[in-house]
Amino acid sequence: MTITNYDSFALIPTRCSKCNRLFIFEPYDIYYKKVAIDFFDLKQVKCKKCKESAE
């Protein structure tokens, strides 16, 4: 059973890490990017349009 396909909902303006689009009142996905050979993860945001175009 799937409740939602997205991780979060933007109530404040949020910028997509992939296409640099500023969006509000829209669902988005969160993914983590490895930085500096496993020292830490960088939080990345993917907007609804980028997710739909990847599918």
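Kindly provide the set of residues from the range 29-39 that are assigned to a strand (DSSP E or B) and exposed (fewer than 11 other Cβ atoms within 10 Å of the Cβ), ordered by number. Before the answer, list the steps.
Restricting attention to the range 29-39, the residues satisfying the condition of being assigned to a strand (DSSP E or B) are 29-35.
Residues satisfying the conditions are Y32, K33, K34, V35.
Contact list please: Cβ distance under 6 Å, first residue in the range 31-47 and over 15 Å from Y6 (Cα atoms) and of a type in the set (V, I, T), second residue open to solvent by less than 50 Å² (accessible area, probe 1.4 Å) and assigned to a loop (DSSP other than H, G, I, E, B), pairs at least six apart or on different chains.
none
State all residues of the chain that are of a type in the set (D, E) and in contact with a Ser or Thr (Cβ under 9 Å, 6 or more places away or on another chain); if no residue qualifies, say none. Give the derivation first.
In the first step, residues of the chain are kept if they are of a type in the set (D, E); the result is 7, 26, 29, 38, 41, 52, 55.
Within the chain, E26, D29 qualify.
Which residues, taken from the range 1-28, are open to solvent by less than 100 Å² (accessible area, probe 1.4 Å) and of a type in the set (S, T, Y)?
Answer for the range 1-28, where residues must be open to solvent by less than 100 Å² (accessible area, probe 1.4 Å) and of a type in the set (S, T, Y): T4, Y6, S8, T14, S17, Y28.
Among the residues of the range 10-19, which ones are under 11 Å from the mean Cα position of the chain (by Cα) and part of a loop (DSSP other than H, G, I, E, B)?
Within the range 10-19, A10, C16, S17, K18, C19 meet the criteria.
Just checking, how many residues over the range 40-55 are at pLDDT 90 or above and assigned to a loop (DSSP other than H, G, I, E, B)?
Of the residues in the range 40-55, 1 are at pLDDT 90 or above and assigned to a loop (DSSP other than H, G, I, E, B).
The values are calculated or read from the model by the stated rules, or taken from the named source; none is laboratory data. Computed from a prediction, not measured in an experiment: that's the story for all the values here. As a convention, Cβ positions derive from the backbone with ideal geometry for all residues, glycine included, and neighbour counts pool all protein chains shown. For accessibility, only protein heavy atoms count, side chains too; no ligands or nucleic acids. Shrake-Rupley method; radii C 1.70, N 1.55, O 1.52, S 1.80 Å.
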